[in-house]
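Undergrad: A single structure is presented below for examination.
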């Protein structure tokens, strides 16, 4: 495959996967007044004892300023709370509220239900191939970044 064709396909499929993910899970998000990124942030907080704006930004691969804005909206909705670290006032710790935990449980259950239903129809090898391909693409992209940093 030629480089131009490969590049075009990577761009196209990245957009298609994003669009399909949004369409597949938008209904549960809209029921709770949440965007995909807000759901992703809440899911990241699930089961975590300690997250900061910086750690969330790193885990979600998003700019800290954008995470801060998302957190502010989610805090206004009563889904998360921010608290200054008593040992270091510069650090803001972010946690789910009880309402946030309930919301994440509902969303997680919905995701599990939808994915299980699809997975019943496919062979295990299909999912192994998907994950393997995604890992290879991620490695390729990381190599591009590493080459750029040299």
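Undergrad: Would a scan of the range 82-91 turn up a residue that is in contact with a helix residue (DSSP H, G or I) (Cβ under 8 Å, 6 or more places away or on another chain) and assigned by TED's automatic domain parsing to the domain that holds residue 23?
TA: So far as the range 82-91 goes, yes, one or more of its residues are in contact with a helix residue (DSSP H, G or I) (Cβ under 8 Å, 6 or more places away or on another chain) and assigned by TED's automatic domain parsing to the domain that holds residue 23.
Undergrad: Look through the range 77-93, keep the residues that are touching a strand residue (DSSP E or B) at 6+ places or on another chain (Cβ under 9 Å) and farther than 23 Å from residue 32 by Cα, and return whichever of them is surrounded by the fewest Cβ atoms within 10 Å (Cβ to Cβ).
TA: Filtering first and then ranking leaves 90.
Undergrad: Also: Does residue 143 count as under 21 Å from residue 27 (Cα atoms) and assigned to a helix (DSSP H, G or I)? Quick ask: steps written out before the conclusion?
TA: Working: under 21 Å from residue 27 (Cα atoms): no; assigned to a helix (DSSP H, G or I): yes.
When the stated conditions are applied, residue 143 does not pass them.
Undergrad: Now, a different point. Out of all the residues in the range 94-113, which are out of contact with any helix residue (DSSP H, G or I) (no Cβ under 8 Å at 6 or more places or on another chain), more than 14 Å from residue 44 (Cβ to Cβ) and surrounded by 14 or more Cβ atoms within 10 Å (Cβ to Cβ)?
TA: Residue satisfying the conditions is 97 alone.
Undergrad: Of the numbered conditions (1) part of a helix (DSSP H, G or I); (2) more than 19 Å from the chain's Cα centre (by Cα); (3) in contact (Cβ under 8 Å) with a residue 24 or more places away in the chain, residue 148 satisfies every one except a single condition; which is it?
TA: Of everything listed in (1) part of a helix (DSSP H, G or I); (2) more than 19 Å from the chain's Cα centre (by Cα); (3) in contact (Cβ under 8 Å) with a residue 24 or more places away in the chain, residue 148 misses just condition (3).
Undergrad: When you go through (1) in contact (Cβ under 8 Å) with a residue 40 or more places away in the chain; (2) under 24 Å from residue 133 (Cβ atoms); (3) in contact with a helix residue (DSSP H, G or I) (Cβ under 6 Å, 6 or more places away or on another chain) one by one for residue 59, which number turns out not to apply?
TA: Result: residue 59 fails condition (1) only.
Undergrad: Something else now. In this structure, does residue 116 turn out to be within 16 Å of the chain's Cα centre (by Cα) and either surrounded by 12 or more Cβ atoms within 10 Å (Cβ to Cβ) or more than 22 Å from residue 33 (Cα to Cα) (or both)?
TA: no
Undergrad: Can you say whether residue 74 is surrounded by 14 or more Cβ atoms within 10 Å (Cβ to Cβ), under 23 Å from residue 23 (Cβ atoms) and touching a strand residue (DSSP E or B) at 6+ places or on another chain (Cβ under 7 Å), as far as the supplied structure shows?
TA: yes
The values are calculated or read from the model by the stated rules, or taken from the named source; none is laboratory data. Given the structure is predicted, the values throughout are model-derived calculations rather than measurements. In this analysis, Cβ positions are derived from the backbone assuming ideal geometry, glycine residues included, and neighbour counts consider all displayed protein chains.
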